[in-house]
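The values are calculated or read from the model by the stated rules, or taken from the named source; none is laboratory data. Treat the numbers as computed from the prediction; the structure is a model and nothing was measured. When we count neighbours, we look across all protein chains shown, and the Cβ atoms used for this are built from the backbone with ideal geometry, even at glycine.
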Amino acid sequence: MSLGSDVALATAQRRLATAARHLGLSDDMHDLLRTPRRAVTISVPIRRDDGELLVLTGYRVQHNLARGPAKGGVRFHAGTDLAEVQALAMAMTWKTALMNLPYGGAKGGVAVEPGLLSAAEKERVARRYAAELVPLIGPDLDIPAPDVGTDEQVMAWMMDTYAAHTGRTAPGVVTGKPLSVGGSAGRAGATSRGIVITALAALRERGHDLGSTTVAVQGFGKVGALAALYLRAAGCRVVAVSDVKGGVHDPGGLDVAALMRHVADGADSVIGYPGADVIGNGELLELDVDLLVPAAVENVITEANADRVRAGVVVEGANGPVSAEADQALADNGVVVVPDILANGGGVAVSHLEWVQNLRGYPWSEVDVRRQLREVMERAYHEVSALAAERGVSLREAAHIIGVGRVVEAHQTRGLYP
Ligand code: NAD
């Protein structure tokens with residue numbers, strides 16, 4: 001267990017414990033919710049292009065199935081381990097419940113640096129990982145999706161492997177697929193659109209005029225780049241963005257579409273984009289902006305830097321970017337945090353729409369998908385915001401009270417077998 005994933009799991013357990021206290025849960029129910037339903041470690045041996053054998057380790061944790069089949073992404077990332085996957089799977093349980101989707105929570109991953117694999121090697125990792133999971137996944141069992149280091153192509157390989165093993169084409173076994181094999185219109189930008197819907201709701205509630213709102217976004221991948229683009233389209237001034245190599249800053253506002261073209265044209269970083277100053281990832285988090293969107297990796301705002309965060313609103317695009325200790329410091333300084341299980345729930349909300357389209361074999365238009373996404377996100381935001389005001393708790397505590405509360409209700413209604 002690495003220190004980072006150890007902290008992530010302890011943080012997830014702490015957030016559950018706080019919700020359990022607010023809900024007055026018994027110790028028994030708390031124990032049931034703390035414990036993953038299934039956690040598997042998988043050997044993923046693949047042949048490298050040069051013929052050498054590479055034995056990787058993969059994981060899948062199905063944290064809770066009380067409300068429906070398990071749902072959650074698969075990451076290919078060097079630092080992935082069982083504790084990290086367990087923490088993320090638990091957060092998925094509360095997220096799907098908060099979004100009121102008929103799912104439990106899961107997460108998976110393979111400990112590998114995807115940048116070091118050729119496309120063919122990456123395909124072999126995806127297929128071998130999926131083959132090992134065949135008995136545990138399926139449209140009514142557990143439905144993986146993309147996450148850090150995986151994408152729609154990886155989902156297509158996983159779906160094809162599942163079909164080869166079961167003799168059935170079941171597009172609903174994974175979501176976040178390419179459109180050509182049953183993906184949904186509007187899935188690609190869904191997480192980012194959801195982030196923007198919640199960010200704008202939080203800003204409006206605090207009386208911000210969007211035209212004068214300044215924004216910094218950490219992470220310029222699938223989630224961060226489109227969040228920056230949509231925030232700019234909504235009228236905000238995006239003054240800084242970054243990726244793993246560092247960031248760029250222009251107080252006058254960045255042209256996000258041009259930055260995306262800069263990266264798509266082969267630059268390996270936003271750094272090098274002409275006409276903007278270079279800043280570090282740490283500096284970006286401390287800029288004097290109205291809105292900060294950490295959309296890269298976990299634990300970037302900790303007790304070490306929380307006091308230097310000057311943004312009034314932090315919207316967690318990434319999973320777990322703010323540590324439990326930092327939560328308290330931000331709250332003491334009047335910084336509002338829109339928590340990950342609410343802010344980035346747009347991805348799983350549209351994954352649900354993709355799965356429904358797969359099950360009934362009838363696609364929706366992008367307009368329909370976006371309308372339903374907006375409804376789910378706005379309903380979730382307003383439920384959380386109203387409960388936070390009523391109970392005098394943070395948005396994160398309110399989101400967990402609602403999510404955990406719905407899972408408890410499902411457990412109590414189903415009863416315990418045998
Ligand atoms: P991605 O791999 O497409 O992009 C990650 C970005 O973060 C890249 O720009 C990378 O350079 C940058 N980055 C990596 N390490 C960094 C570091 N130490 N400091 C600063 N930047 C760093 O991944 P993604 O799909 O955009 O996911 C980002 C986050 O959003 C993750 O926490 C993921 O779990 C979460 N998330 C993703 C989705 C989705 O639909 N893809 C849904 C919900 C949550």
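Of the residues making up segment 223-273, those that are in contact (Cβ under 8 Å) with a residue 40 or more places away in the chain, closer than 18 Å to L210 by Cβ and assigned to a loop (DSSP other than H, G, I, E, B) number 1. Considering (1) closer than 22 Å to H208 by Cβ; (2) among the hydrophobic types (A, V, I, L, M, F, W, C); (3) modelled with pLDDT under 95, the lone condition that V297 does not fulfil carries the number (1). Could you go through segment 147-161 and let me know if any residue there is among the charged types (D, E, K, R), assigned to a helix (DSSP H, G or I) and over 18 Å from the mean Cα position of the chain (by Cα). Yes: one or more hits. When the residues of segment 327-346 are filtered to those that are buried (at least 24 other Cβ atoms within 10 Å of the Cβ) and of a type in the set (G, A, S), the one that is nearest to G189 (Cα to Cα) is G346. Of all residues in segment 114-148, those being in contact (Cβ under 8 Å) with a residue 40 or more places away in the chain, over 22 Å from E354 (Cβ atoms) and exposed (fewer than 15 other Cβ atoms within 10 Å of the Cβ) number 2. Restricting attention to segment 274-320, and to residues there that are near the ligand (Cβ under 10 Å from one of its atoms) and without any contact (Cβ under 8 Å) to a residue 40 or more places away in the chain, which single residue is surrounded by the most Cβ atoms within 10 Å (Cβ to Cβ)? Only one residue tops the list, namely E316.
Please go through segment 238-273 and pick out each residue that is among the acidic types (D, E) and away from the ligand (no atom under 16 Å from the Cβ).
D250, D255
So G183 passes all but one of these: (1) within 18 Å of the chain's Cα centre (by Cα); (2) in contact (Cβ under 8 Å) with a residue 40 or more places away in the chain; (3) more than 9 Å from the ligand (Cβ to nearest atom). Which condition number does it fail? Status for G183: all satisfied but (1). Looking across V217, V244, one residue alone is within 20 Å of G346 (Cβ to Cβ) and either touching a strand residue (DSSP E or B) at 6+ places or on another chain (Cβ under 7 Å) or surrounded by fewer than 16 Cβ atoms within 10 Å (Cβ to Cβ) (or both). It is V217.
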